[in-house]
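So the structure is just underneath, and the comments pick up after that.
Just so it is clear, none of the values below were taken in a lab; they were calculated from the coordinates. Bear in mind the structure is a predicted one, so any value in this text is a computation, not a measurement. Cβ: placed from backbone, ideal geometry, glycine included. Neighbour counts: every protein chain shown.
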C-alpha cells in the first residue's frame, strides 16, 4: 500500500498528532489553535480530509495516526528524488553534498547505512 500524500500544512498538523497521540479531537483543536493559529473548523476539516485519505482515524473523538512520521517522510523523499533527480539517489546526494557541509559524524553515519545495505540488513 502506498503512503497517502501529506501536504505541508497537513504535515505540521501531523507533527502535533504524532507527538500527542492518541488524543481527543477537542484537545487536538486546542493544540492546533495554540501552535498553528488555526480555527477549530480548520482543524476539523484537516482531520476529516486526512481520515478520508487514510492518514489517520477518528473514532469516538479519539484521533490516532495510521501512517508514521517515517513513512510520510520516506514517501516525500522518494517523490522528490523521482521528480527532481529522475529517480537517481546518487544524483540527489551529489546535489545535496555540493551545497551542504557534512560533518565527519554524518559521513560516518551514512557509511554505516551503506554498509548495512550491502549486508542486506
> Could you give the radius of gyration (one decimal) and Dmax (whole number) of the Cα atoms in the chain, in Å?
Replying inline: 18.0, 50
>> Taking the Cα centroid of segment 87-115 and of segment 1-70, what is the distance between the two, rounded to the nearest whole Å?
In response: 32
>> Taking R0 as 30 Å, what FRET efficiency do you get between residue 12 and residue 94 from their Cβ-Cβ distance, rounded to the nearest 0.05?
In response: 0.50
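Calculated from DSSP H runs of 4 or more alone, at -39500 (n - 2.57) each and per residue, what is the 222 nm mean residue ellipticity of the chain, nearest 500? Intermediate results must be reported in sequence, preceding the final value.
Values: 6 runs with 81 residues, N = 121.
Result for the chain, helices only: -21500 deg cm²/dmol.
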> Just 73, 35, 111 to compare: in a GNM of the chain, with alpha carbon springs under 10 Å, which one fluctuates most?
Replying inline: 111
>> Once the cut-off is 18 Å, how many percent of the Cα-Cα pairs in segment 8-69 end up in the long-distance tail?
In response: 19
>> Applying a 10 Å radius around every beta-carbon, put 112-121, 37-46 in order of their mean neighbour count, most first.
In response: 37-46, 112-121
>> I want to verify a result. In a Gaussian network model of the chain, Cα cutoff 10 Å, which of these has the top mean-square fluctuation: 101, 24, 69?
In response: 101
